[in-house]
1. Can you name every residue in the stretch 150-208 that is touching a Pro at 6+ places or on another chain (Cβ under 6 Å) and over 23 Å from Gln29 (Cβ atoms)?
2. Can you go through Ala155, Ala125, Ala180 and tell me which one is farther than 19 Å from Asp106 by Cβ and of a type in the set (Gly, Ala, Ser)?
3. Filter the stretch 192-222 for residues that are touching a residue at least 60 places away in the same chain (Cβ under 8 Å), over 18 Å from Phe124 (Cβ atoms) and open to solvent by 10 Å² or more (accessible area, probe 1.4 Å) and give the result.
4. Tell me the helices (runs of 4 or more DSSP H) entirely within the stretch 162-270 that contain at least 1 residues that are over 18 Å from Ser149 (Cα atoms).
5. Scanning the stretch 117-139 for residues that are under 21 Å from Ser198 (Cβ atoms) and of a type in the set (Asp, Glu), which turns out modelled with the highest pLDDT?
6. For the stretch 57-103, give me each residue that is open to solvent by 20 Å² or more (accessible area, probe 1.4 Å), within 14 Å of the chain's Cα centre (by Cα) and not aromatic (Phe, Trp, Tyr).
7. Which ones in the stretch 104-116 are under 14 Å from the mean Cα position of the chain (by Cα) and not in a loop (DSSP other than H, G, I, E, B)?
8. Search the stretch 223-241 for residues being farther than 16 Å from Ser153 by Cα and in contact with a strand residue (DSSP E or B) (Cβ under 8 Å, 6 or more places away or on another chain), and hand back the single one that is most open to solvent (accessible area, probe 1.4 Å).
Amino acid sequence: MIVALQYSLVTILFGYGTLCLGLYLVQEQLIFPNEYDPPDTRYSFSRAFEEVFIPVADARLHALWFRVPDPKGVVVFFHGNGGTLRTWGHRAIAFVDRGYDVFMVDYRSYGQSTGRIQSEVQLFADARAVYTWVREHYRDEQIVLYGSSLGTSFASRLAAEYQPRLLILESPFYSVEELARRRFPWAPSTLLKYPLRSYSWIGQITCPVIIFHGTADQVVPFDHSERLAAHLTAPLMFYRIVGGNHVDTEQYPIYHQALDIALGPLRQPE
């Protein structure tokens, strides 16, 4: 009987350890389900843009630079964890039509960006490289940082370290660590290489902040935004998108009304 119990315990522990090891090894695929765009990919949007490559450690990042005559500023857009510039590029139109340049970048291993995602430190270094490139063309007071879902962590971290004009967060999370705990409650948090604890630096932001979050978000619960907002000391406009799901805010009039207030109304065609 005792031997059988010992054998069962060893089997359970071995199985648990195997599950934890497997989760550790595949976490990049779970958090960053990257898509590849061949080098000859043709991007097609209704507004003009240029393609830019930014060199970073062991890789280069592919970006789209939408430009308008006499811009009011620039929106630096960090997209979510799914898709590439090919599928996210249309989001630039709302800002271009309000008179802003837009700079959108694919994370390493996404789209035509090269390299492999290996650490949180590496990802933040890439984000700083993007901001450094943008600062070579615009002043801080012209820069609007925009993060959508995963991108909110990078946008908010940059806003805490620099002095942009405005930070806009769409469906932000309190931390990836908490999302992981909710999905894998049996796994120790020490396995996670990418905790992305946005709450730990959002209180350092001094520029105005706008938050959009859908109340029906099934990916990042609405209360993540509420709890993040509690850490903020900067001026905040919080838009509760009633019935909104994950990163679908552009479908709601309140989103465009908020952009009109923060960035100015749509430019009338000449």
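The values are calculated or read from the model by the stated rules, or taken from the named source; none is laboratory data. Every value quoted in this text rests on a predicted model; they were computed, and no experiment measured them. Backbone-built Cβ (ideal geometry, glycine too); neighbour counts: all protein chains shown. What goes into the accessible areas is simple: the full protein's heavy atoms, side chains included, and nothing from ligands, DNA or RNA. Shrake-Rupley method; radii C 1.70, N 1.55, O 1.52, S 1.80 Å.
1. Leu166, Cys207, Pro208
2. Ala180
3. The answer is Val219, and nothing else.
4. 223-231, 253-263
5. Asp126
6. The answer is Asn81, Gly82.
7. Matches in the stretch 104-116: Met104, Val105.
8. Arg240
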